[in-house]
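Engineer: To start, I am sharing the structure in question, which I have written as structure tokens.
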Amino acid sequence: MVLSKYLVMVILNTLGAVLSLTVGIVGNIIMGKSFDLEILAIVGVIYLVALIFGSVIIPLIYKFG
């Protein structure tokens, strides 16, 4: 039961990261710039922050309802 909530969190975070990376790459192509590693780093950091927040919130939801 709890494992499924963590799996859903990881799946949704991954989908969000892929979507934001795709939008960033398309935006760079439209603006005529090459792919920067900065976009990849930002998406990676945001992915980790979302994973940490989700890992903290799920136990709090179980404890406090």
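The values are calculated or read from the model by the stated rules, or taken from the named source; none is laboratory data. Please read these numbers as outputs of a predicted model, since none were measured by experiment. Cβ sites come from the backbone with ideal geometry, for glycine too, and all protein chains shown count toward neighbours.
Engineer: Quick one: in segment 5-50, of everything that is over 30 Å from Tyr62 (Cβ atoms), exposed (fewer than 11 other Cβ atoms within 10 Å of the Cβ) and among the aliphatic types (A, V, I, L, M), which residue is nearest to the chain's Cα centre (by Cα)?
Structural biologist: Across segment 5-50, the extreme among qualifying residues is Ala41.
Engineer: Among the candidates Lys33, Lys63, single out the residue that is of a type in the set (Lys, Arg) and either out of contact with any Gly (no Cβ under 9 Å at 6 or more places or on another chain) or within 25 Å of Met1 (Cα to Cα) (or both).
Structural biologist: When all the criteria are applied, what remains is Lys63.
Engineer: Where the second residue is loosely packed, with under 10 Cβ neighbours inside 10 Å and not charged (D, E, K, R) and the first is modelled with pLDDT under 90 and lies in segment 43-65, which pairs have Cβ atoms under 9 Å and are six or more apart or on separate chains?
Structural biologist: These pairs meet every condition: Tyr62/Val2.
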